[in-house]
1. Do we have Asp423 as touching a helix residue (DSSP H, G or I) at 6+ places or on another chain (Cβ under 6 Å), assigned to a loop (DSSP other than H, G, I, E, B) and touching a residue at least 60 places away in the same chain (Cβ under 8 Å) here?
2. Among the residues of segment 146-191, which ones are among the acidic types (Asp, Glu) and either assigned to a strand (DSSP E or B) or touching a strand residue (DSSP E or B) at 6+ places or on another chain (Cβ under 7 Å) (or both)?
3. Output the residues belonging to segment 223-246 that are assigned to a loop (DSSP other than H, G, I, E, B) and among the hydrophobic types (A, V, I, L, M, F, W, C).
4. Look at segment 394-420 and say how many of its residues are in a loop (DSSP other than H, G, I, E, B) and either touching a residue at least 60 places away in the same chain (Cβ under 8 Å) or not hydrophobic (A, V, I, L, M, F, W, C) (or both).
5. Among the residues of segment 303-324, how many are at negative phi, in contact with an Asp or Glu (Cβ under 7 Å, 6 or more places away or on another chain) and either in contact (Cβ under 8 Å) with a residue 24 or more places away in the chain or assigned to a loop (DSSP other than H, G, I, E, B) (or both)?
6. Kindly indicate which of Arg21, Arg68, Arg43, Arg49 is at pLDDT 95 or above and closer than 15 Å to Leu92 by Cβ.
7. May I ask you to say which residue of Val4, Val85, Val109 is of a type in the set (A, V, I, L, M), at pLDDT 95 or above and crowded, with 17+ Cβ neighbours inside 10 Å?
8. Do you know which residues across segment 432-491 are basic (Lys, Arg), free of Cβ contacts under 8 Å to residues at least 40 places away in the same chain and more than 30 Å from Gly241 (Cβ to Cβ)?
Amino acid sequence: MIAVGDGLWLLSTPTSGYAVRLAGDATPTCAHWGPALTLDQARDLPAGRPELPVEGGAWFGVAGLQIRYGDAVRGVEWRHLDHAVEGDHLVLRMADRHYPLEISLHYRVRGEAIERWTTVTNSGAEPVTLLRCDSAAWSLPHRDGYRLSHVSGDWGREFQLRRTGLAAAETVLTSRRGHSGHHANPWLMVDDGDATEEHGEVWSVALAWSGSWRITVERDQHDRVGVSGGFGHEGLTWRLGAGESVDTPVFAGVYSPAGFGGASHRWHDYARTFLLDDRIRPVVFNSWEATEFDISQEQQLALAERAAALGVELFVMDDAWFGGRTSDRAGLGDWWPNPDRFPGGLAPLIEHVRELGMAFGLWVEPESVNPDSELYRAHPEWVLRQPNRRSTEVRNQLLLDFSRDEVAAWAHGWLDDLVRRHDISFLKWDMNRPFTEAGDEVWVPFVRNVYAIIDRLRAEHPQLAIEGCASGGGRADLGMLARTDQTWTSDNTDAAQRIAIQHGYSQLYPARTMGAWVTDSPNAITGRLTPLRFRFHVAMSGALGVGGDLLRWTPQELEEAAALVEQYKRIRPVVHGGRLDRLGLWGVQYTLGDEVVVFVWRPTTLVGGDAPVRLRGLDPDGVYRDEDTGVLHHGALLMSHGLPRPLPFDALSDLRRLKRC
Ligand code: GLA
């Protein structure tokens, strides 16, 4: 809801309020971000920190908008033009007092989240240069202390949660890679140092952008905290020609009065309601770990038979089905079935998969090319390159310049054709290398063209689901999530290590988008031996997939796996549609109406590893029946004392299903 006062705008979510006030010099400022307020209460609030800090005047903090006019003058002096409210969307139209520059600040209330972005228009006849064009700045109320939460990581180790005191400095989270990155993820949370999963105030922001980005959180000399964020990393510039506009990506904010868990609930609800559809995420089989580059039609058919017998609903053939792609050295870019491996094309495999009752999906990596490919030989000029600079290969591949419309049109053309000519309902869209040798003008249009291709494909092929992937979780962000159905969370499928990866992923992103496979033991990357049941339990807490070499699984393993897949299908509505509560690192609870699903795990052998696992958000007066044992539990006791004996003596994990009687 949006209420309008005199130079004052109050945005209300169901449980929070956000007030914008024009300062005396017309600077739009944040007067409030926190608990819900009435317009009357908001009227008494003074102006606060700028909504989009600019260079100029006596502002010495981070400037989210940095601009150079033709005469080398910089900065903005604000002038308020007007505002418009349309439903839950507020636009404050501002301009510079002297230069022909218009700046619209956008706000949109979406559930418990407020989306913000900015449009900058050069309405003059001369070009201007943008050195920085952030989406928005968020300001926190003063508190006695501040703590920063974010994730960092690497390939195979994405989404590691970090929680540290916030330095009295400018702390920059950024990606200079052209994708959102394994090493960081474009969101952060700040609390006063005392918040827990269940209690305390948490302010959180997340950027919907899948290219390079920068979020700076600033704790200033007055102990005030502000966060400015947007696309592009430092050093990139944009030229805005006469009459041109730039729209920044959404930088959304969520206030939680109910701890980090409360923040996650709000982000999950936001993503599920406004970014995702509610189609059931099918149980996937993905061939990558089973076969890597060594694939054939017969072997894929054999895997498909076994996958179908397990209850898999979608068979996905990963890399190496196309061109001369028999290793990572060749073939990328040649998107036709490898004639030696699939002499009759893809149709025989797809038909068989369909006869087995499964949908069919394929792996693609449209943005990349191996120099050893027909595509590169035909179009060497299509790759990202700079004069007088060496070409950097990563995984033996270069990047196609998707900022160029002809390259984007080529990519859309073959993808559309592939999906049109075959019965394909799923694409795993990978990107296995960062940008190098990219000029200033590439970084933003490249990402926009990737978005446009995906949006167009989905509009043209409504049955098509897409999984976002960049060597695992290297491009997982709200921008990608708004146009895909799930994420390939990490190439690391070691269940024990996945727990921390999934714990970090779940801070922002909902379980239904968290692709998780059960693979072989010993694990292909870490060599760890783990029970099948434990591997399943960890993967069943997201969007379950199977990625092991089923041809080598024993009859007993296949039988156990089929039973677990069946069990997963029963709990899937609760895992994907319910509220997710992290029970420390060692458990996770999903609650939907009267139904509760709890996973508990102890990946390391702990003597006395039976500490109680206290459940959350139950009806204290309710009685909950264990669906497997029939034992009755009081909601009040489950919350205050926890599940009695959460784990059988010799188990690494367990799944408990409870229902309120
Ligand atoms: C990336 C992905 C993997 C797999 C390979 C194929 O590493 O993250 O899941 O698809 O590429 O080459």
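The values are calculated or read from the model by the stated rules, or taken from the named source; none is laboratory data. Remember, it's a predicted structure, so these values are computed and weren't measured experimentally. Note: ideal-geometry Cβ built from the backbone for every residue, glycine included; neighbour counts use all protein chains shown.
1. Considered against the rule, which asks whether it is touching a helix residue (DSSP H, G or I) at 6+ places or on another chain (Cβ under 6 Å), assigned to a loop (DSSP other than H, G, I, E, B) and touching a residue at least 60 places away in the same chain (Cβ under 8 Å), Asp423 comes out as yes.
2. Once the filter is applied, which keeps residues that are among the acidic types (Asp, Glu) and either assigned to a strand (DSSP E or B) or touching a strand residue (DSSP E or B) at 6+ places or on another chain (Cβ under 7 Å) (or both), segment 146-191 yields Glu158, Glu170, Asp191.
3. Listed by number, the residues that qualify are Leu236, Ala242.
4. Here the count works out to 5.
5. Number satisfying all stated conditions: 1.
6. Just a single option satisfies the conditions, and that option is Arg21.
7. Val109
8. Within segment 432-491, Arg458 is the sole residue that qualifies.
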